[in-house]
Number of protein chains: 2
Amino acid sequence: MPEPLSPSKPERPAWEDLALEAVGTVIEFWGFKRNQGRVWALLYLRGQALSAAQIQHGLALSKGATSVLVRELEHWGVLRRVRRGSDRTWRFEAEQDLMAMVRRVLEHREGTLVSRVTADLARAEALVRQDRAATPEVRARVGRMLALARATEHALDVFRRTAHLDAAPVVEALVGAPASVRRRLARLAGRSEG
Amino acid sequence: MPEPLSPSKPERPAWEDLALEAVGTVIEFWGFKRNQGRVWALLYLRGQALSAAQIQHGLALSKGATSVLVRELEHWGVLRRVRRGSDRTWRFEAEQDLMAMVRRVLEHREGTLVSRVTADLARAEALVRQDRAATPEVRARVGRMLALARATEHALDVFRRTAHLDAAPVVEALVGAPASVRRRLARLAGRSEG
DNA sequence: GGATAGGTTCACGGGGTCCTGAACCTCGTG
DNA sequence: CACGAGGTTCAGGACCCCGTGAACCTATCC
């Protein structure tokens with residue numbers, strides 16, 4: 001039996017709290033809801049599918065919030081909604097491939113925001129190029145701004161690919177691997193940035 | 001005389017508006033105030049030191065907001081406060097090295113948030129290691145979480161170094177360089193580039 | 001059908017962030 | 001000294017995001 005998650009007694013081990021809040025903080029930083037991070041972390045740490053009620057009580061959330069949060073996480077592909085046997089209640093389990101998660105987030109960000117901004121700057125650069133009132137210096141500055149945007153886009157791409165590379169397999173491998181192996185892997189990952 | 005910035009007539013060229021808002025959007029995405037980005041972009045595009053009043057009218061801000069915004073940007077090292085000659089009013093000019101700016105932001109983020117989270121996860125991992133009630137699987141999961149955090153830290157570092165590398169010199173070089181050179185640089189940087 | 005548990009939706013309120021506008025401070029200068 | 005321009009601070013308000021809690025929907029079982 002999977003420990004009924006004691007609704008009244010939140011006697012959670014200290015390490016779980018630490019991990020939950022850490023993930024919540026990171027997720028919040030990336031512009032999502034803190035509780036989305038906490039839900040994912042809870043599921044990941046427990047390593048099994050939990051019902052909405054268990055999540056709700058485990059994290060002291062309301063019924064409504066839980067419903068919304070799991071739907072959002074599911075939409076992000078961060079959670080799977082499963083039904084077991086003849087049980088008619090949904091259970092949720094964490095996506096296991098952590099890096100797939102990170103990549104998905106980055107791709108979304110890159111797609112929606114960064115590239116849109118780059119496009120706007122490209123338009124601005126085209127306009128200033130035609131503007132007879134603009135001095136060469138001004139044109140150069142707009143051009144440099146656009147170049148910065150492109151560089152950022154590129155760097156994000158490198159970041160994403162790097163994260164991809166030393167992710168799923170490597171992260172697994174790193175756990176408990178001897179220091180020598182870790183160093184070799186790290187060096188390999190460093191080469192991939194070129 | 002540096003163009004009085006026409007307080008009543010906001011007849012700004014379209015490209016300037018585009019650039020201003022683009023930068024504002026990016027800055028806002030990174031967790032800062034939209035207007036901080038707009039102020040910096042205005043100063044950068046104008047390429048000269050502007051007074052607080054000019055900024056205020058140029059961006060349709062209040063006196064108070066302007067004062068706060070420039071102080072914050074100054075604190076970030078993103079603009080310089082200068083006094084010219086016997087003029088007793090402050091003027092502000094944009095930091096020219098764009099990448100220094102980006103790097104500073106990333107370093108701050110890395111320093112305050114990412115590493116703090118990593119530390120928390122490290123504590124959690126130490127605790128779960130001692131917890132006799134924890135199964136080996138749980139310990140492994142916490143360990144994997146910590147590994148993810150470390151990988152993220154590493155990736156951010158790569159990002160930062162990459163941004164640093166092809167930044168200042170390369171960005172400058174790219175401006176106005178012939179297409180053939182641009183393509184070679186782009187290939188070197190590992191990007192297809194349309 | 002009625003009862004009940006699981007699940008969703010939504011109006012509302014708390015809390016946070018940012019801006020405004022006015023009071024206030026501080027120096028030069030007449 | 002008084003005045004005024006430049007600059008700062010701060011209370012108030014607008015706005016937005018998120019969670020609550022209750023109403024509502026739906027399916028299963030008796």
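Here are a few things to note about the model shown:
- Total residues in segment A:1-53, condition modelled with pLDDT of 85 or more and among the hydroxyl-bearing types (S, T, Y): 3
- Out of B:A100, B:A65, B:A94, sole residue that is open to solvent by less than 50 Å² (accessible area, probe 1.4 Å), over 30 Å from A:E21 (Cα atoms) and within 11 Å of DNA strand C (Cβ to nearest atom): B:A65
- Total residues in segment B:123-146 satisfying the condition of being surrounded by 15 or more Cβ atoms within 10 Å (Cβ to Cβ) and within 22 Å of A:E93 (Cα to Cα): the figure is 13.
- Residue selected from segment B:69-91 under the condition within 9 Å of DNA strand D (Cβ to nearest atom) and open to solvent by less than 50 Å² (accessible area, probe 1.4 Å), by the criterion farthest from the other protein chains (Cβ to nearest Cβ): B:V70
- From the list B:G111, B:G37, B:G24, B:G58, the one residue that fits, being among the small types (G, A, S), more than 9 Å from chain A (Cβ to nearest Cβ), crowded, with 18+ Cβ neighbours inside 10 Å and away from DNA strand D (no atom under 16 Å from the Cβ), is B:G37.
- Condition check for B:E125: touching a helix residue (DSSP H, G or I) at 6+ places or on another chain (Cβ under 7 Å), within 14 Å of chain A (Cβ to nearest Cβ) and within 16 Å of DNA strand D (Cβ to nearest atom): no
A quick yes/no check of all residues on (1) within 16 Å of DNA strand C (Cβ to nearest atom); (2) of a type in the set (S, T, Y):
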position	(1), (2)
A:L43	yes, no
A:S51	yes, yes
A:M145	no, no
A:E153	no, no
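The values are calculated or read from the model by the stated rules, or taken from the named source; none is laboratory data. Keep in mind that this is a model prediction, so the values were computed, not measured. No Cβ is skipped: glycine too gets one built from the backbone with ideal geometry, and neighbour counts run over all protein chains shown. Heads up: the accessible areas ignore ligands, DNA and RNA and are worked out on the full protein's heavy atoms, side chains in. Shrake-Rupley method; radii C 1.70, N 1.55, O 1.52, S 1.80 Å.
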